[in-house]
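The values are calculated or read from the model by the stated rules, or taken from the named source; none is laboratory data. Keep in mind that this is a model prediction, so the values were computed, not measured. With ideal geometry, Cβ positions are generated from the backbone for all residues, glycine too; neighbour counts draw on all protein chains shown.
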Amino acid sequence: MGVNVNKLKNTKEYIEGISRDKVICLRFRILDESSGKLLQYGDDLFYLHGGYGGAFPKVERAMEGCRVGDQVQVTLSPDEGYGHRRPDLVLELPSAEFADDIPETGSAVDGELPDGRSMIFTVSGVSDDRVILDANHPFAGKYLAFDFKVLDIRDSTEAERAAGFAFDGMFC
């Protein structure tokens, strides 16, 4: 469960590395470590570096000092990532509670846990008489392998620092 940083020759003139208060644009790929299944990918992951909560702490530590063009691999355990699956976040309800509007598997549904907390659930199963709702993150309980490539780095704005996140899509 380590971190592997493969420094590639930068194709841009940008010399300064990733540090606090920089906005980072990444290409990313997330794999289920146990099955090798691709879970998510994209060219447009933006975050404000420096403990603002936009990236997992282990990912931020691995990215520190990287430059445009660098590639980073990080593996996260459930404790370092999206947490463990929690059975208390799974509800099985009678289909009758949805009247004539039974949701489809995979759709999002607003709901409440028995303790009254509002949550967004994913419909994980539907049968003639039951609907199963799950508020766990889809990656909860998984060991995840992240592959990143740094596409761009820029200084954050005062507004981004005050908000605590990067304003997506302003470069890259």
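Do you know which of the residues in region 128-172 that are among the hydroxyl-bearing types (S, T, Y) and touching a strand residue (DSSP E or B) at 6+ places or on another chain (Cβ under 7 Å) is nearest to C25 (Cα to Cα)? Give the steps one after another, and end with the answer.
Of region 128-172, the ones among the hydroxyl-bearing types (S, T, Y) are 143, 156-157.
Filter once more, so that each one left must be touching a strand residue (DSSP E or B) at 6+ places or on another chain (Cβ under 7 Å): 143, 156.
On the way: Y143: 24, S156: 12 Å.
Going through the qualifying residues, I end up with S156.
Considering region 35-46 alone, what residues qualify as being more than 13 Å from D147 (Cα to Cα) and modelled with pLDDT under 95? Across region 35-46, the qualifying residues are D44, F46.
With the structure loaded, tell me whether G125 is exposed (fewer than 14 other Cβ atoms within 10 Å of the Cβ), outside the structural domain of I30 (by TED's automatic domain parsing) and in a strand (DSSP E or B) or whether it fails that test.
Details: exposed (fewer than 14 other Cβ atoms within 10 Å of the Cβ): yes; outside the structural domain of I30 (by TED's automatic domain parsing): yes; in a strand (DSSP E or B): yes.
So G125 passes the test.
For the condition hydroxyl-bearing (S, T, Y), closer than 30 Å to G51 by Cα and at pLDDT 95 or above, T122 qualifies.
Condition check ((1) among the β-branched types (V, I, T); (2) surrounded by 15 or more Cβ atoms within 10 Å (Cβ to Cβ)) across all residues:
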residue	(1), (2)
E16	no, no
R27	no, yes
Y52	no, yes
V72	yes, yes
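Taken together, the criteria exclude A159 from residues that are in the same structural domain as L38 (by TED's automatic domain parsing), under 30 Å from D43 (Cβ atoms) and modelled with pLDDT of 95 or more. Only one of the listed residues (D134, D147) is in contact (Cβ under 8 Å) with a residue 40 or more places away in the chain and over 25 Å from Q73 (Cα atoms). That residue is D134.
Might you let me know whether region 87-106 holds any residue that is farther than 23 Å from A140 by Cα and at pLDDT 95 or above?
The first filter runs over region 87-106 and keeps only residues farther than 23 Å from A140 by Cα, leaving 94-102.
Narrowing further to those that are at pLDDT 95 or above: none.
Scanning region 87-106, I find no residue that is farther than 23 Å from A140 by Cα and at pLDDT 95 or above, so the answer is no.
Look at region 63-83: where a residue is within 13 Å of F148 (Cα to Cα) and a partner is of a type in the set (S, T, Y) and assigned to a loop (DSSP other than H, G, I, E, B), sitting 6+ places away or on another chain with Cβ atoms under 6 Å, you get V68/Y14; G69/T11.
Listed by first and then second residue, the pairs linking a residue in region 86-108 that is in the same structural domain as D128 (by TED's automatic domain parsing) to a residue that is modelled with pLDDT under 95 and part of a loop (DSSP other than H, G, I, E, B), with Cβ atoms under 6 Å apart and 6 or more places separating them unless they lie on different chains, are S95/I102; S95/D129. Of the strands (runs of 3 or more DSSP E) entirely within region 32-111, those holding at least 2 residues that are within 30 Å of E160 (Cβ to Cβ) and not small (G, A, S) occupy 38-48, 71-76.
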